[in-house]
Amino acid sequence: MSEKLSSGAKGVTVSLAVANSKEDEEVYPRVISFPGGVPANSENMQMFVGQKGTGKKRRRQVICTLNGLAYSGIDHGDTHSHKNNLCKYAVAKLDSASGTLTLYPTDHVYAMRPQVVASDHAADPATLSTMTSDERRKALTDEFGSSKKKRAMKQAASNSIVDTNVSGASAVELAITDSMLEVEASSHVDASEFALEQNRRLMLPPYDADTTTEADAYPLAKLMHGSVSFDIDAMYAEAMPRDLAEQKSKKIISLSASAFRTLLAQIEAPATFLEAVTAAEEQLVEAGFELKLVEKHDAIAAFKLRCTVLLYQFFLVKMFKILMAAKWNQAAAEELAESLAMPGSSADTIFKTFGAISKKGGVSTVSLTKQGIDKLLGYILALGLHAHNFSYNITALAKDLGLPETNLAKVARTMGGKILRDSEAASVMKLALPLKFPGRPRVQAKKK
């Protein structure tokens, strides 16, 4: 569209044109705003545009960094969605040579807001009134003390015994606390049996010895808790197709299985994990849609649960292999976290659960003690039972871990499991409920 406008005051004629094409709008946004005012030195500002999806499902984000501060503007979400725009916008461009004013329509104004990351440090420094006497003495020595005095204080600090310097300190503290609470109620119980039970509580995953339900023997809620469960669920959701909810119910499990196998291949999971996904898919599709034994949404939820269990088990297997291959079964915590590539803060959680944390040369390290190895293997077996419908091929797991099969069989029996042979002569772990744990080892009599 084009028309001529005239200004009577100066006798200037301007030709007005409206751009009909939206090709440029499809490439980059046209209008941004700074609600807090345009920052200084904005002439050096560089904009970057990110986009996910197409058509009505398209989401965009505009970001830039200026004077050390990041700004971000989006066109999606509850308050920023372009669907909520009450006005139409356009950008006008005047060609002074030809006198043509061209209007470019745009569908959204991107409000650029500063992204401030909260600091972990307190805003106000500690004052002497809030310090202990030791802290005040150390602060004064650091500020005014001689080199000899500083060396003496550093030597005294290195001789102090604190729980962070003791391998397995948290486990010892837990054992002592539990023992004190149980002593009164078990004063007449055999001391060796009591010691065995306390040792099992330290070595094995959380268990319920009295249950007759397989899923409750080693409860999944205690195997995967807190940040681990949240981060693994988020990783699974990210791998699923964006249009999964729009698919027919009968296709959801098969599409989810295909997407999850792709994820496992990307993170280089062993073939046994991909086979477990296929087995779960076949079993739940048949149970959910052919035999009508469960509701459709129950089958979908069960499939997701088994996939997230497999994902967590894979990260534990990977951590085990990395540390067992390292010198002294020890690795720097930061390097180990990068190798695992676990989402969120889950890596820190499993380091504290299974590893002994220490510092060497100012670098935080993670190592596996004998107790940590047995506990990690116990968790891997318990998760494997949940992921394989409580019939777990430990022969295949031993190959994935690079361990003798007898090592896993020993841990499985310690957990109250039974080792059976299947048709292919593979060792299979199953649970006999209620759980019965091995008793005290027999002491052979000395030969006369």
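Do we have V309 as modelled with pLDDT of 90 or more, within 19 Å of the chain's Cα centre (by Cα), closer than 21 Å to A269 by Cα and surrounded by 22 or more Cβ atoms within 10 Å (Cβ to Cβ) here? Please lay out each step first, then the result.
On the way: modelled with pLDDT of 90 or more: yes; within 19 Å of the chain's Cα centre (by Cα): yes; closer than 21 Å to A269 by Cα: yes; surrounded by 22 or more Cβ atoms within 10 Å (Cβ to Cβ): yes.
Judged against the criteria, V309 is a match.
Would you call G77 modelled with pLDDT under 80, within 18 Å of R242 (Cβ to Cβ) and not assigned by TED's automatic domain parsing to the domain that holds P241? Reasoning before the result, please.
Details: modelled with pLDDT under 80: yes; within 18 Å of R242 (Cβ to Cβ): yes; not assigned by TED's automatic domain parsing to the domain that holds P241: yes.
In short, yes.
Given E214, E193, E182, E197, which one is farther than 15 Å from M415 by Cα and modelled with pLDDT of 65 or more?
On the way: E214 fails: farther than 15 Å from M415 by Cα; E182 fails: modelled with pLDDT of 65 or more; E197 fails: farther than 15 Å from M415 by Cα.
Selected residue: E193, the only one of E214, E193, E182, E197 that is farther than 15 Å from M415 by Cα and modelled with pLDDT of 65 or more.
Okay, residues lined up against (1) over 47 Å from the mean Cα position of the chain (by Cα); (2) outside the structural domain of R59 (by TED's automatic domain parsing); (3) at pLDDT 80 or above:
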{"site": "L86", "(1), (2), (3)": "no, no, no"}
{"site": "A90", "(1), (2), (3)": "no, no, yes"}
{"site": "L94", "(1), (2), (3)": "yes, no, yes"}
{"site": "A97", "(1), (2), (3)": "yes, no, yes"}
{"site": "L101", "(1), (2), (3)": "yes, no, yes"}
{"site": "T106", "(1), (2), (3)": "no, no, yes"}
{"site": "A111", "(1), (2), (3)": "no, no, yes"}
{"site": "H121", "(1), (2), (3)": "no, yes, no"}
{"site": "D124", "(1), (2), (3)": "no, yes, no"}
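Could you check, for segment 64-71, whether at least one of its residues is farther than 19 Å from V38 by Cβ, without any contact (Cβ under 8 Å) to a residue 40 or more places away in the chain and surrounded by 14 or more Cβ atoms within 10 Å (Cβ to Cβ)? So far as segment 64-71 goes, no, none of its residues is farther than 19 Å from V38 by Cβ, without any contact (Cβ under 8 Å) to a residue 40 or more places away in the chain and surrounded by 14 or more Cβ atoms within 10 Å (Cβ to Cβ). Among residues of segment 417-448 being outside the structural domain of P219 (by TED's automatic domain parsing) and over 21 Å from Y207 (Cβ atoms), the one that is modelled with the highest pLDDT is R442. Contact annotation: residue pairs with Cβ atoms under 7 Å, 6 or more positions apart or on different chains, pairing a residue in segment 222-246 that is among the aromatic types (F, W, Y) with a partner that is in a helix (DSSP H, G or I), are Y236/K304; Y236/C307; Y236/T308; Y236/L311. The numbered conditions (1) under 30 Å from E238 (Cα atoms); (2) without any contact (Cβ under 8 Å) to a residue 40 or more places away in the chain are all true for W328 except (1).
How many of the residues making up segment 333-379 are assigned to a loop (DSSP other than H, G, I, E, B), more than 16 Å from the chain's Cα centre (by Cα) and surrounded by fewer than 19 Cβ atoms within 10 Å (Cβ to Cβ)? Give the derivation first.
Residues of segment 333-379 that are assigned to a loop (DSSP other than H, G, I, E, B), as a first pass: 341-345, 355, 361-362, 368-369.
So of that shortlist, the ones also more than 16 Å from the chain's Cα centre (by Cα) come out as 355, 361-362, 368-369.
Remaining after also requiring surrounded by fewer than 19 Cβ atoms within 10 Å (Cβ to Cβ): 361-362, 369.
Qualifying residue count, segment 333-379: 3.
Looking across segment 231-266, the residues that are under 19 Å from L340 (Cα atoms) and either among the basic types (K, R) or surrounded by 15 or more Cβ atoms within 10 Å (Cβ to Cβ) (or both) come down to D231, I232, D233, M235, Y236, A239, F260, R261, L263, L264. With respect to (1) buried (at least 16 other Cβ atoms within 10 Å of the Cβ); (2) part of a helix (DSSP H, G or I), the lone exception for P205 is condition (2). Residues that are of a type in the set (S, T, Y) and modelled with pLDDT of 90 or more within segment 218-228 comprise just one, Y218.
If I filter segment 32-47 down to residues being surrounded by 14 or more Cβ atoms within 10 Å (Cβ to Cβ) and modelled with pLDDT of 80 or more, which single residue comes out as farthest from the chain's Cα centre (by Cα)?
Here is the first cut: in segment 32-47, the residues surrounded by 14 or more Cβ atoms within 10 Å (Cβ to Cβ) are 32, 34, 39, 45, 47.
Now restrict to residues that are modelled with pLDDT of 80 or more: 32, 34, 39, 47.
Details: I32: 34, F34: 34, P39: 36, M47: 31 Å.
Of everything passing the filter in segment 32-47, P39 is farthest from the chain's Cα centre (by Cα).
Close Cβ contacts (under 8 Å, 6 or more residues apart or on different chains) running from residues in segment 131-142 that are surrounded by 12 or more Cβ atoms within 10 Å (Cβ to Cβ) to residues that are part of a helix (DSSP H, G or I) and modelled with pLDDT of 80 or more comprise M131/A139; K138/M153; T141/K149; T141/K150; T141/M153.
Looking at segment 424-444, is at least one residue part of a helix (DSSP H, G or I), out of contact with any strand residue (DSSP E or B) (no Cβ under 9 Å at 6 or more places or on another chain) and either over 18 Å from L323 (Cβ atoms) or without any contact (Cβ under 8 Å) to a residue 24 or more places away in the chain (or both)? So that I can check it myself, show each step before the final result.
As a first pass, look at segment 424-444 and keep what is part of a helix (DSSP H, G or I): none.
The answer is no, given that none of the residues of segment 424-444 is part of a helix (DSSP H, G or I), out of contact with any strand residue (DSSP E or B) (no Cβ under 9 Å at 6 or more places or on another chain) and either over 18 Å from L323 (Cβ atoms) or without any contact (Cβ under 8 Å) to a residue 24 or more places away in the chain (or both).
The values are calculated or read from the model by the stated rules, or taken from the named source; none is laboratory data. These figures come from a predicted structure and were not determined experimentally. Glycine also receives a Cβ, built like all others from the backbone with ideal geometry; neighbour counts cover every protein chain displayed.
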